[in-house]
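Participant: Before anything else, here's the structure in question.
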Amino acid sequence: MLDREQAERRAAEFLDYQSKSWGPSSAVRLIPEYCFIDGGRFIAPYDHVDYLDHGQEDMQLGGNLPIAVDLTDGSCRFIDWEEAEDFMERELL
């Protein structure tokens, strides 16, 4: 079973790997203060570094789905829209 720190590290590694294929403006980072645990999963939102560090609103991502880390086996994936809507309804995202 992963703890929160291990899950956050797995999510960051997954995001780093996935974002390499997104092109030259793919500098993204997790937003630790918005991460949460729900139902055995660590949910990790992320955004563009220029938005997070410098407030460049034109660099804020739209439609990016958070990463889910299974706390049992450490597997990572992007959540789907149905999951995102559920989290928004519960005011978690």
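Participant: What do you reckon, is GLY74 at positive phi and either of a type in the set (A, V, I, L, M) or touching a Lys or Arg at 6+ places or on another chain (Cβ under 7 Å) (or both)?
Facilitator: So GLY74 fits the description; yes.
Participant: For segment 22-37, which residues satisfy the criterion of being open to solvent by 30 Å² or more (accessible area, probe 1.4 Å) and closer than 14 Å to PHE87 by Cβ?
Facilitator: Hits for segment 22-37 are TYR34, ILE37.
Participant: I'm trying to understand the selection: among the residues of segment 57-77, which are in contact with a strand residue (DSSP E or B) (Cβ under 8 Å, 6 or more places away or on another chain) and at pLDDT 95 or above?
Facilitator: Passing the criteria: LEU65, PRO66, ILE67, ALA68, VAL69, ASP70, LEU71, SER75, CYS76, ARG77.
Participant: On to the next question. Among the residues of segment 71-87, is any among the acidic types (Asp, Glu), touching a Leu at 6+ places or on another chain (Cβ under 8 Å) and in contact (Cβ under 8 Å) with a residue 24 or more places away in the chain?
Facilitator: no
Participant: Here is a list: ALA12, ALA7. Which entry is aliphatic (A, V, I, L, M) and open to solvent by 40 Å² or more (accessible area, probe 1.4 Å)?
Facilitator: ALA12
Participant: Taking segment 57-75, which residues are under 15 Å from the mean Cα position of the chain (by Cα) and either under 15 Å from ASP38 (Cβ atoms) or assigned to a helix (DSSP H, G or I) (or both)?
Facilitator: Scanning segment 57-75 gives LEU65, PRO66, ILE67, ALA68, VAL69, ASP70, LEU71.
Participant: Another one. Which numbered condition in (1) in contact with a Phe, Trp or Tyr (Cβ under 8 Å, 6 or more places away or on another chain); (2) free of Cβ contacts under 8 Å to residues at least 24 places away in the same chain is the only one that ALA68 fails?
Facilitator: Of the numbered conditions (1) in contact with a Phe, Trp or Tyr (Cβ under 8 Å, 6 or more places away or on another chain); (2) free of Cβ contacts under 8 Å to residues at least 24 places away in the same chain, the odd one out for ALA68 is (2).
Participant: Additional query: Go through segment 23-56 and give me each residue that's under 25 Å from GLU89 (Cα atoms), among the aliphatic types (A, V, I, L, M) and either modelled with pLDDT under 95 or not in a loop (DSSP other than H, G, I, E, B) (or both).
Facilitator: LEU30, ILE37, ILE43, ALA44, LEU52
The values are calculated or read from the model by the stated rules, or taken from the named source; none is laboratory data. Note that the structure is a prediction, hence the values are computed from the model and not measured. With ideal geometry, Cβ positions are generated from the backbone for all residues, glycine too; neighbour counts draw on all protein chains shown. Surface areas here come from the heavy atoms of the whole protein model, side chains and all, with no ligands, DNA or RNA. Shrake-Rupley method; radii C 1.70, N 1.55, O 1.52, S 1.80 Å.
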